[in-house]
Structures are given as C-alpha cells and as structure tokens.
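The values are calculated or read from the model by the stated rules, or taken from the named source; none is laboratory data. Keep in mind that this is a model prediction, so the values were computed, not measured. Positions of Cβ are generated from backbone atoms using ideal geometry, with glycine treated the same way; all protein chains shown enter the neighbour counts.
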Amino acid sequence: PSGQGPVQLERLPHQEEDQIHVVPGRYDGPSCVRRRGRASGQLRQSEGSSKSQLCLTKLFQQIREELGEFDYDEETNPGQLPVEYRPLVELENHARYDGEWIIGEEIRQGKGRQIWPDGSMYEGWWKDNKANGKGRLIHADGDVYDGQWLDDKAHGYGVYCHLDGAKYEGHW
C-alpha cells in the first residue's frame, strides 16, 4: 500500500498464520473443484488505502484460482441506475461489501463482492441490496454456485459444484 508499511493480515478464526494469503484482484469463470477442508476468506481494507484485499486460506485460494476471474457480462446487468464505487464497507450483519452503490443511497447496486463472517463469498451483480443477475457464491465449505440469481436466490440457469465433486447443472 504505497509506502504505508507492511500489510497487517486479519487472522481468520481457526486458521494458522501460514494458511493465510493476500490475493489482489478479482476472479471469474465456471468450474468444479474437488477439495477437502474448509474454505474461508475475508475482505480487508488497508489503512490509508482505498483498495481492498482478500485474506484467504490455501483451500479458498485454490478454488478461486481454478475458477478464474468472475466475468461481469455487461449484458446481464439487472439495474440501470447511476452507481458509484465505494471501498470496503462493513454491513450491520458483519458481512463486508466492496463494490457499487446507487449514488447518494445506501443500496448495493451493480458490480460487487460480499463476504460473510463464516467466509462465504458472493461476487456478481446486485440490485436493491440483493444478488440479482449473474453471480457466483463460494460457500465457506468449498461448494460453489455459479449462475443466475433473483432476489438473493439461485434462479434460472446455474451450475452447483459440491466439494466432493458432485455437480448439478440446469435451471433453478
């Protein structure tokens, strides 16, 4: 972070320090991942910086690397209101959100990434504070759903991959 000194990592609950990595950037692309263990992550904003970083366990990092960058297909944008990007915000439920908001409002709208205290992470489109449109949810246990959302629920075409390798592909 531009001469601010070393980045201080948050220790994730029940994780050893050597299991935590700082991973810059965003991620995408559908895939199934076979892994054992618990995946978890947390967003963290460095002091004096508007950039957020994601502190990940090795398992979570492997899953995200295999999935690749998340593709924000502009044609799937569910909302057309003017938005502004805001850096990392902690919400009332202690989840953390990094992304776009309706200008002058406290409504998540547009592209964004949210991580819950258990380590689950959604990255994709938001409308009226809910997952809407194309998005990906990586559960804390390593299961992944990549597909369409409507009002915070899997809706339409999607692929759900269980950590044990089982896969469902189709409509929800």
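A few remarks follow.
- When region 103-112 is limited to residues that are in a strand (DSSP E or B) and out of contact with any Lys or Arg (no Cβ under 7 Å at 6 or more places or on another chain), the one that is surrounded by the most Cβ atoms within 10 Å (Cβ to Cβ) turns out to be ARG108.
- Entry remark, region 136-146: residues being free of Cβ contacts under 8 Å to residues at least 40 places away in the same chain and assigned to a strand (DSSP E or B) number 2 in total.
- Any hit, region 95-102, residues being more than 15 Å from LEU67 (Cα to Cα), modelled with pLDDT of 95 or more and not in a strand (DSSP E or B): no
- Residue that is nearest to LYS130 (Cα to Cα), among those in region 156-172 that are buried (at least 16 other Cβ atoms within 10 Å of the Cβ) and more than 17 Å from the chain's Cα centre (by Cα): HIS162
- Figure legend. Inter-residue proximity from region 98-111: first residues farther than 9 Å from GLU84 by Cα, second residues in a loop (DSSP other than H, G, I, E, B) and of a type in the set (S, T, N, Q), beta-carbon distance below 7 Å, spacing 6+ or different chains. Indicated pairs: ILE107/ASN129; ARG108/ASN129.
- Cross-chain or 6+ apart pairs with Cβ under 9 Å, region 115-131 first and free of Cβ contacts under 8 Å to residues at least 24 places away in the same chain and on the phi > 0 side of the Ramachandran plot, then part of a strand (DSSP E or B) and of a type outside the set (Val, Ile, Thr): ASN129/ARG108; ASN129/GLN109
- Members of region 130-155 that are surrounded by 22 or more Cβ atoms within 10 Å (Cβ to Cβ), touching an Asp or Glu at 6+ places or on another chain (Cβ under 7 Å) and either more than 19 Å from GLU66 (Cα to Cα) or not charged (D, E, K, R) (or both): ALA131, ASN132, GLY135
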